[in-house]
Amino acid sequence: MSYNFKEIEEKWQNTWIDTKAFRAQADPNRKKYYLLEMFPYPSGKIHMGHVRNYTIGDVASRFKLLQGYNVMHPMGFDAFGQPAENAAIKNQTKPDIWTHRCIKEMETELKKMGFSYDWEREFSTCDSDYYKWNQWIFLKMFERGLAYKKASAVNWCSSCQTTLANEEVVDGGCWRCHTKVEQKDLEQWYLKITEYKERLLEDLGLLKQWPERVLAMQNNWIGKSSGVDIYFRLKNSDKIIPVFTTRVDTIFGATYIVLAPEHPLVKELIKGKSEEKDVLHFIEKVSKESKLVRTSSDVKKEGVFTGAFAVNPVNNEEVPVWIADYVLMEYGTGAIMAVPTHDQRDFLFAQEHKLPMRVVITPKERGIKIEELTQAYEGDGVQVNSGEFNGLSSLEAKEKISLWMEKKSIGKIQTHWRLRDWLISRQRYWGTPIPIIYCSKCGIVPVAYKDLPVELPVEAPFTGDGGNPLGKINEFIRVNCPKCSGSGRRETDTMATFFDSSWYFLRFCSPKYAVAAFDVQEAKYWMRVDQYIGGIEHAILHLLYSRFFTKFFQDLKMVDFGEPFEKLLTQGMVLKDGEVMSKSKGNTVDPDSMIKDYGADALRLFILFAAPPETELEWDQRGLEGAFKFLNRVWRIQENLKSKADDALLRIMHKTIKKVSDDFNEFKFNTAIASLMELTNAIYQMGADKEIFSRLVIMLSPIVPHFSEELWQILGNKESIFEATWPKYDPKLLIEENVELVIQVNGKVRSKVQVSRNISEDALKELVLKDEKLAVWLETKQPKKFIIVPQKLVNIVI
RNA sequence: GCCGAAGUGGUGGAAUGGCAUACACGUCGGUCUCAAAAACCGAUGAGGGCAACCUCGUAAGGGUUCAACUCCCUUCUUCGGCACCA
């Protein structure tokens with residue numbers, strides 16, 4: 001007979017909700033612990049990824065609770081976004097109604113897993129008393145010039161009918177639907193995240209408890225690159241063409257320069273020249289290529305001569321000006337100097353088009369002959385052909401040439417960044433309306449703070465024929481200008497949903513607060529988030545935006561820190577047959593049916609035991625059955641309790657307490673469970689008493705809370721197990737009187753011996769030399785040396 | 001190309017420089033049973049040996065060390081991020 005998980009789980013889930021067991025209240029006298037998992041989009045159904053993410057968080061949260069921390073563990077919903085609109089079109093319902101129904105279903109699913117949330121803090125980002133503060137933040141940014149509108153080529157997803165941020169373009173496709181992203185010229189709203197680029201980069205150094213790879217990804221994304229802008233002058237003109245380089249040490253080897261086809265100077269350069277026709281033709285051709293094709297590295301580099309020449313400012317040499325598809329307008333200055341001998345791309349291009357080369361750096365141990373070059377030499381070396389810098393090491397030259405150029409005003413030390421401003425406007429209905437009014441007289445006018453929120457109209461025409469439904473609602477659009485009271489028109493774009501999730505962790509500190517985005521005092525107590533848990537897919541997007549917003553709040557003096565998340569854990573994906581579980585692959589396992597068959601506790605146990613939290617987890621149905629079997633094994637212990645257990649078991653238990661406590665602190669749940677299993681096996685060998693069993697149950701409770709609550713009650717306790725204290729171990733009981741020593745000969749184990757832990761070295765040597773098993777090894781050879789590691793091993797070197 | 005993570009039995013995975021493969025799954029054997037299931041007990045890296053034991057073994061090769069899955073160097077493979085980035 002197995003234990004009645006169905007009845008037990010339902011009973012405790014209701015109890016926890018009825019008694020508000022996990023309500024958190026600020027208390028300056030208690031040490032706080034803010035544990036947060038990335039809140040879900042309410043699709044209605046939870047999947048195994050959610051189960052894993054939230055189970056990891058729940059164990060940590062309950063463990064901290066048992067350790068006496070004042071734990072806040074909130075949950076809410078990231079409820080704006082496109083699926084609601086798609087559903088509205090498909091099912092003839094309203095996004096609002098559809099979303100709220102999904103939220104209800106999702107809450108039920110989460111409750112069935114027995115997660116310890118403070119449900120009183122729950123909110124959804126589609127609540128107007130939440131998104132009101134999105135608008136407030138936007139206006140604050142607008143005031144400071146951090147929210148602005150500009151016309152530019154933007155990423156456009158034709159399937160989603162909306163613009164996308166750079167961060168939302170993955171492999172040239174839309175992050176949501178993978179449709180190929182097009183470029184479109186539009187006037188759009190941006191947030192000036194680039195204003196914070198230095199701080200965003202620098203403060204990565206503060207994030208000591210973030211995974212390396214997330215830091216590396218953010219570092220790459222921000223993409224700082226230091227070098228020099230060098231000013232080439234156009235021959236017979238006073239026009240300057242700045243080029244950017246990180247290899248200023250190679251400037252004397254620049255034999256031509258290359259502009260991007262879109263470079264604004266190109267048209268002027270070619271005017272009236274014989275090359276004009278060819279160049280225009282080339283530009284036309286390149287403009288038709290998609291960005292993806294153009295930037296793929298295996299395509300041959302193409303280019304044409306413009307007929308113009310520029311002057312290298314370091315030696316007044318005239319060099320030809322080319323244009324080529326491999327130079328991009330959006331990076332650096334849109335123009336490069338080409339040094340074929342020391343840059344592989346330039347080398348290939350120069351070979352192809354028979355352009356001159358000159359060596360300016362040679363490796364220390366040999367010279368370089370141009371005729372013998374088969375590829376560019378990109379390493380360090382000694383300067384040659386470099387005027388007054390000859391003989392210097394290239395590293396030294398880099399610095400000296402930079403300073404020299406600045407002094408002579410022919411260049412400027414410059415830093416270029418990959419990070420671009422964040423495009424936040426979306427041509428969609430189901431999102432936060434951007435609080436802006438267009439007035440024919442006053443131009444762009446922000447909505448007054450007192451008029452917030454700009455409510456999203458619940459009734460909207462969903463026809464499915466594209467376009468933003470907000471544009472068709474006259475009551476919404478028509479509004480008086482806050483400045484001149486003349487007739488104005490509302491912005492119909494809404495905010496990207498990543499805006500919503502960039503500060504929700506602050507809102508959880510005071511979710512009902514009506515006078516500001518969050519209560520500064522509450523935030524002071526609860527923030528920062530001590531432990532944040534979520535998927536690696538947010539390594540750049542959400543985590544970068546949240547860091548940006550936090551720094552903005554720091555500048556508003558609403559918080560006194562610049563980083564929101566102290567410690568970050570990115571949990572691995574759940575796989576089935578080696579592939580990521582996904583609806584499109586049809587290899588999903590439904591958590592609900594697993595709960596039905598084995599209970600939420602068994603599911604939680606399996607998912608924690610099968611792999612460490614950050615690695616991928618292979619779904620194994622038999623592993624789940626194994627977890628269920630283990631629970632039944634523990635359950636049966638209570639039927640056979642002894643009045644007094646052996647001392648040997650007591651020792652094992654204290655060791656287990658130490659191991660499990662240490663492991664829980666480091667999120668090593670799989671090994672914590674392994675040692676709880678070992679303790680259980682020992683109990684089967686020796687028989688436990690009530691005391692020992694009670695402690696086993698407490699240690700299990702973060703992992704399998706319903707199961708443990710029930711056993712706790714059966715053991716005669718009136719209070720919830722989560723009012724109990726985490727067991728402590730007695731260090732004295734960890735010390736064994738007799739220890740087993742491993743005896744090695746030349747590092748190989750040859751024997752083992754039981755000795756008192758305080759045995760003297762001499763006594764030990766004597767004992768070892770008498771050991772029968774070692775006789776074979778020692779009879780012909782003399783021991784040279786004894787290595788003794790107390791209480792562990794003896795190594796005899798012969 | 002640059003940056004990051006990883007590579008251990010049939011499988012998931014353990015090992016502050018100190019007994020490689022804990023714990024579990026699977027498989028095999030046993031107990032109980034008329035029988036089966038459940039439960040309980042045991043075996044289980046490869047090769048050799050009746051056995052005691054021996055040899056090999058943590059992607060490959062080298063090094064440091066009394067001792068290396070662990071530290072260092074070189075290489076290979078897989079996964080992830082960035083990238084005609086100048």
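The values are calculated or read from the model by the stated rules, or taken from the named source; none is laboratory data. Just so you know, these numbers come straight off a predicted model, no measurement behind them. Cβ sites come from the backbone with ideal geometry, for glycine too, and all protein chains shown count toward neighbours. Just the protein is used for accessible areas: all its heavy atoms, side chains included, with ligands, DNA and RNA removed. Shrake-Rupley method; radii C 1.70, N 1.55, O 1.52, S 1.80 Å.
A:LYS407 to A:ASP171: FRET efficiency via 1/(1 + (r/R0)^6), r the Cβ-Cβ distance, R0 30 Å, to the nearest 0.05?
On the way: r = 45 Å, r/R0 = 1.50.
For R0 = 30 Å, the calculated efficiency reads 0.10.
Quote the FRET efficiency, to the nearest 0.05, computed for A:LYS354 versus A:ASP203 with a Förster distance R0 of 41 Å and r equal to the Cβ-Cβ distance. Don't skip to the answer; put the middle values down first.
Working: r = 49 Å, r/R0 = 1.20.
About 0.25, to the nearest 0.05.
Within straight cross-link reach of A:LYS354, meaning Cα distance under 12 Å, which aspartates and glutamates are found once same-chain residues fewer than 8 apart are removed?
Once the sequence-local aspartates and glutamates are set aside, what remains near A:LYS354 is A:ASP346.
Starting at the first residue of the range A:704-709, write each ³J(HN,Hα) from the Karplus equation 6.51 cos²θ - 1.76 cosθ + 1.60 with θ = phi - 60°, in whole Hz, x for Gly and Pro.
Using θ = phi - 60°, the values come out as 10, x, 5, 3, 6, 4 Hz.
Can you give the convex hull volume of the alpha carbon atoms of the range A:661-798 per residue, in Å³? Please report the intermediate quantities before stating the final value.
On the way: hull volume 20.3 nm³, N = 138.
Each residue corresponds to 147 Å³ of Cα convex hull volume.
What number comes out for accessible area per residue over the range A:674-798 if the probe is 1.4 Å? Units Å², please.
On the way: 7040 Å² over 125 residues.
Here the residues of the range A:674-798 average 56 Å² of exposed surface.
As a test, work out the antiparallel percent of DSSP beta bridges whose residues both lie in the range A:509-668, rounded to the nearest 5. Walk me through the intermediate numbers first.
Working: 2 of 9 bridges.
Once the DSSP bridges in the range A:509-668 are tallied, antiparallel ones form about 20 percent.
Report, to the nearest whole %, how much of the accessible area of the range A:690-798 belongs to carbon and sulfur atoms, 1.4 Å probe, protein only. Walk me through the numbers before you get to the answer.
Numbers: 3160 of 6380 Å².
Looking at the range A:690-798 in its full context, I get 49 percent from C and S.
In whole Hz, with x marking every Gly and Pro, tabulate ³J(HN,Hα) for the range A:662-672 from phi via Karplus 6.51 cos²θ - 1.76 cosθ + 1.60, θ = phi - 60°.
Computed from phi, the couplings for the range A:662-672 are 4, 5, 4, 4, 9, 6, 9, 5, 4, 7, 4 Hz.
Quick check on the range A:549-614: what are the equivalent-ellipsoid semi-axes from the Cα gyration tensor, as sqrt(5λ), descending, whole Å? Numbers along the way, then the final one.
Working: eigenvalues 278, 48, 32 Å².
Result for the range A:549-614: semi-axes of 37, 15, 13 Å.
Over the range A:353-413, give the accessible area per residue in Å² for a 1.4 Å probe, as an integer. It would help to have the intermediate numbers written out before the result.
On the way: 3840 Å² over 61 residues.
Using a 1.4 Å probe on heavy atoms only, each residue of the range A:353-413 averages 63 Å².
Assuming a ≥ b ≥ c are the square roots of the Cα gyration tensor eigenvalues, decide whether the range A:672-724 counts as rounded (a/c under 1.5), prolate (otherwise, with a/b larger than b/c) or oblate. Don't skip to the end; give the middle numbers.
Details: a/c = 2.62, a/b = 1.44, b/c = 1.82.
Because a/c hits 1.5 or more and a/b fails to exceed b/c, the range A:672-724 counts as oblate.
Which FRET efficiency value, to the nearest 0.05, do you get for A:ASN480 and A:SER287 by plugging their Cβ-Cβ distance into 1/(1 + (r/R0)^6) with R0 = 51 Å? Walk me through the numbers on the way to the answer.
Numbers: r = 44 Å, r/R0 = 0.86.
The computed FRET efficiency comes out at 0.70.
Highest mean first, what order results for A:501-512, A:228-239, A:529-540, A:472-483 on Cβ atoms within 10 Å? If you can, show how the numbers build up before the last one.
Details: A:501-512: 22.6, A:228-239: 16.9, A:529-540: 20.3, A:472-483: 14.3.
Listed from highest to lowest mean packing, they are A:501-512, A:529-540, A:228-239, A:472-483.
State the percentage of accessible surface on the range A:403-523 attributable to carbon and sulfur atoms; use a 1.4 Å probe and exclude ligands, DNA and RNA. Write out the running numbers ahead of the final one.
Details: 2700 of 5290 Å².
The C+S portion of the solvent-accessible surface of the range A:403-523 is 51 percent.
State, to one decimal in nm, how far the label point of A:GLN685 lies from the label point of A:LYS773, with both points 7 Å from Cα in the Cβ direction.
Here the answer is 1.8 nm between the modelled labels.
Mind checking the log10 I(q)/I(0) for chain A at q = 0.08, 0.10, 0.11 Å⁻¹? Debye, one equal scatterer per Cα, no solvent, two decimals.
-0.90, -1.12, -1.21
Check which residues have an amide H placed less than 5 Å from A:ARG750's amide H, if you skip close sequence neighbours.
For A:ARG750, whose amide H was placed from the backbone, the distant partners under 5 Å are A:ILE743, A:GLN744, A:VAL745.
In Å and on Cα atoms, what radius of gyration and Dmax does the range A:505-564 show?
Computed over the Cα atoms of the range A:505-564, radius of gyration and Dmax are 11.8, 35 Å.
Take the solvent-accessible surface of the protein heavy atoms, probe 1.4 Å, and return the percent of it on the range A:15-115 that carbon and sulfur atoms account for. The partial results should precede the final answer.
On the way: 1880 of 3780 Å².
Of all accessible area on the range A:15-115, carbon and sulfur atoms account for 50 percent.
Separation between the A:SER2 and A:GLU268 pseudo-spin-labels, each 7 Å from Cα along Cα→Cβ, expressed in nm?
In this crude spin-label approximation the distance works out to 7.8 nm.
Between A:ALA153 and A:ASP620, 0.36 nm times their residue separation minus their Cα-Cα distance comes to what? It would help to have the intermediate numbers written out before the result.
Working: separation 467, 0.36 × 467 = 168.12 nm, distance 4.78 nm.
Stretched fully, the A:ALA153-A:ASP620 segment lengthens by 163.3 nm.
Excluding residues on the same chain fewer than 8 positions from A:LYS94, give the lysines whose Cα lies under 22 Å from its Cα.
A:LYS45, A:LYS104, A:LYS132, A:LYS472
Run through every distinct alpha carbon pair of the range A:483-626 and return the Kirkwood hydrodynamic radius in angstroms, one decimal place.
On the way: mean 1/r = 0.0533 Å⁻¹.
Every distinct Cα pair counted, the radius reaches 18.7 Å.
Among DSSP bridges having both ends in chain A, what percentage is antiparallel? Round to the nearest 5. Kindly include the intermediate steps, with their values, before the conclusion.
Values: 75 of 98 bridges.
Looking only at bridges with both residues in chain A, the antiparallel portion is about 75 percent.
So if the hydrodynamic radius of the range A:1-156 is defined as the Kirkwood radius over C-alpha pairs, what does Stokes-Einstein give as its diffusion coefficient at 37 °C and 0.692 mPa s, in µm² per second? Numbers along the way, then the final one.
Working: Rh = 18.4 Å.
For the chosen part, D equals 179 µm²/s.
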